[in-house]
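Each remark here refers to the structure printed beneath this line.
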Amino acid sequence: MENLESLKAEILAAIAQAQDLKAWDEARVAALGKKGKVTELMKGMGALPVEQKIEMGKKLNVLKAEIEQALENRRNELAEKEMNEKLAKETIDVTLPIRDEVQGRIHPVSKIYEEVVAIFGEMGFEVAEGPDIEDQFHNFNALNMPANHPARQMQDTFYIPNKNSDDFDDSYVVRTHTSPVQIRTMESKKPPIRIIAPGRTYRSDYDATHTPMFHQVEGLVIDKNITMAHLKGCLYDFVKAFFELDEIPVRYRPSYFPFTEPSAEMDIGCLKTKSELKIGAGTDWLEILGCGMVHPNVLRAGGIDPDEYQGFAFGMGIDRLAMLKYGIPDLRTFFESDVRWLKHYGFNPLDFSSMTGGLSNNGGSAR
Ligand code: DAH
């Protein structure tokens, strides 16, 4: 019996000393495996006289149960130890600073969007929105372009069939400009109105300065006694702030838009050389937006009495502004999702545009 006691001590010590699951398994096999010490003793019982066999059988069963318990406890300890070591090795220190070289960049369109919102926001304009998929009423009719109006041909429209109607006039469009937001705003708000509506617009066109999807920002001001002088002052302040210049020559050329009367295009002074476009000085002019006094028919379509209220409106291309301000030659590259391009033309996401903190954050001058 002393033998059994010392055997038990020996086996339990081997189990306790196992430092990993491999050593643990060796200890298990040495005791309870096919040729293990306890197994051998059990096999040897067959030769004993009956009484001793019964006694020995009981003792060996108790011993086996104790060993099994010790094995299970040790295995649990080792598994926990192994898991803790693995967790310690795989820890990520989330308190580390971000790696600058993998930082994302802000797309020039988003940057211009931010800049335009910052400038007009400072003047008290709110940002308004409308759907990309429009009905023809909002995109054309209410803007003084009834069916068959020649001005509809000015824009190469993408039409979307209306499942509920075969009538072409009922088909939808992807908006060709942001001007329908003028109508949607008049429908939902009472004057005084002072909004800008930046967003996506669509036309069937594709070359270095045109892409089928592009961005515009619309402006609309409606109140009593609004005149062309308000329009001019507002847009002059805008271009100065936008191009980050104290002074800039501007002129308004008479133009035609169905939704404004009178209509104008605004040009800014610049100098065009073979290699460079310098904004703010020189003998050349660059068209940057369309504008005018809101046509009485448009006010009426929006439910506003033109004898009581007047307004001005303007519209410009955000992508075109980005090309001008940041010297990007081809519009198509804007939408190619090339990270090298974005790295070159993009902006630091932490430099948010504001009128007080800096607009383009590039030292105050266009790149
Ligand atoms: N919707 C015009 C276009 O896409 C731009 C425009 C011109 C908007 C004059 C206006 C405006 O609000 O007054 O070409």
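For this structure, a couple of remarks:
- If the convex hull is drawn through the Cα atoms of the chain, its volume per residue in Å³: 278
- Given +1 at the Cβ of Lys and Arg, -1 at the Cβ of Asp and Glu and no other charges, the dipole of the chain around its Cα centre is 1000 debye to the nearest 20.
- Sorting 341-354, 284-297 by average packing, meaning the other beta carbons within 10 Å per residue, from highest down gives 284-297, 341-354.
- Contact order, relative form, for the chain: 16 percent (alpha carbon pairs under 8 Å, 6 or more residues apart, mean separation divided by residue count).
- Other residues lying with their Cβ under 13 Å from the Cβ of K86 contribute a combined charge of -3, Lys and Arg counting +1, Asp and Glu -1.
- Of C270, G302, G290, farthest towards positive along the dipole that unit charges on Lys, Arg, Asp, Glu beta carbons give the stretch 248-345: C270
- Label separation (E68 vs E40): 2.2 nm, computed from points 7 Å beyond Cα along the C-beta direction.
- Helix-only [θ]222 nm of the chain, DSSP H runs n ≥ 4, -39500 (n - 2.57) each, per residue, nearest 500: -12000 deg cm²/dmol
- Most positive-pole-ward Cα, T209, P150, F257, against dipole of the stretch 108-364 from beta carbon charges: T209
- Two-site FRET efficiency, L7 against E90, from Cβ-Cβ distance with R₀ of 30 Å, rounded to 0.05: 0.15
- Charge tally for Q216 (other residues, Cβ to Cβ under 14 Å; Lys, Arg +1; Asp, Glu -1): -2.
- Dipole of the chain computed with +1 at Lys/Arg Cβ and -1 at Asp/Glu Cβ about the Cα centre; of L78, S110, N348, farthest Cα towards the positive end is L78.
- Net +/- balance of residues flanking D135 in space, Cβ distance below 13 Å, scoring K and R +1, D and E -1: -4
All of the numbers you see were taken from the coordinates with simple rules; none came from a lab. On a predicted model such as this, the values are computed, not experimentally measured, just so you know. When we count neighbours, we look across all protein chains shown, and the Cβ atoms used for this are built from the backbone with ideal geometry, even at glycine.
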